[in-house]
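Engineer: This is the structure I want to talk about, given as structure tokens.
The values are calculated or read from the model by the stated rules, or taken from the named source; none is laboratory data. Keep in mind the model is a prediction, meaning the values are calculated, not measured. Positions of Cβ are backbone-derived with ideal geometry, glycine not excepted, and every protein chain shown enters the neighbour counts. The area values use the complete protein model at the heavy-atom level, side chains included, leaving out ligands, DNA and RNA. Shrake-Rupley method; radii C 1.70, N 1.55, O 1.52, S 1.80 Å.
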Amino acid sequence: MDSILTSTLYDQINEGNKGDGNFKSQAYQAVVDKLRIEKSILVTVEHVKHRIKIWKKHYGVISDIRNYTKFNWDEEKKMLVIPIEDLVEWKAYCEVN
């Protein structure tokens, strides 16, 4: 689902359906239509908006970890890499945050 959401929103940006920081209503509808056609998933525009909101929240968390901790990001795998020797420190970080 996320890959369809990403590719469709990217296409919508190229078509000019994003302005003032938010997508236009036709961009959200394009995602809804594509998910219905390709995956037979019934979603609403509100579902799409909520998923984007979750993405923004996750992006903020990962950005904070990347910028303010020693933990590394693997760009190829798109994930944090926590070496075994840092596992205790990672668990402590998770408990505080």
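Engineer: Taking the simple approach of a point 7 Å from Cα along Cα-to-Cβ for both Glu85 and Asn72, what is their distance in nm?
Structural biologist: So the label points at Glu85 and Asn72 sit 1.1 nm apart.
Engineer: Which one, Lys34, Lys56, Lys78, has the greatest fluctuation when you compute a Gaussian network model over the chain with C-alpha springs under 10 angstrom?
Structural biologist: Lys78
Engineer: Bin all alpha-carbon pair distances of the range 52-97 at 5 Å intervals from 0 and give each bin's fraction as a whole percent.
Structural biologist: All Cα pairs considered, the percentages come to 5, 19, 26, 29, 15, 5, 1.
Engineer: Over all Cα pairs of the range 12-58, how is the pair count split among 5 Å bins, expressed in % and running from 0 up to the last occupied bin?
Structural biologist: Calculated P(r), rounded to whole percents: 5, 21, 26, 26, 17, 4, 0.
Engineer: Using a 1.4 angstrom probe, figure out how much accessible area the chain has per residue, in square angstrom, rounded to the nearest whole.
Structural biologist: Working: 7290 Å² over 97 residues.
Dividing the accessible area of the chain by its residue count gives 75 Å².
Engineer: Could you work out how far apart the two model spin labels at Gln26 and Trp55 are, taking each label as a point 7 Å from the Cα in the direction of the beta carbon, and quote it in nm?
Structural biologist: Label-label distance for Gln26 and Trp55, simple model: 2.0 nm.
Engineer: In the range 2-97, carbon and sulfur make up what percent of the accessible area (probe 1.4 Å)?
Structural biologist: Details: 3820 of 7200 Å².
That fraction is 53 percent.
Engineer: If contacts are Cα pairs under 8 angstrom and at least 6 residues apart, what is the relative contact order of the chain in percent? Could you put the intermediate results ahead of the total?
Structural biologist: Working: 51 pairs, mean separation 13.9, N = 97.
Contact order relative to length: 14 percent.
Engineer: Please work out how much length the chain gains when fully extended from Ile4 to Ser40, using 0.36 nm per residue of separation minus the C-alpha to C-alpha distance, in nm with one decimal. Before the final figure, lay out the partial values.
Structural biologist: On the way: separation 36, 0.36 × 36 = 12.96 nm, distance 1.23 nm.
That works out to 11.7 nm of additional length.
Engineer: So, one more: Can you give the Rg and Dmax of the chain based on its C-alpha atoms, in angstrom?
Structural biologist: Final numbers for Rg and Dmax: 17.3, 49 Å.
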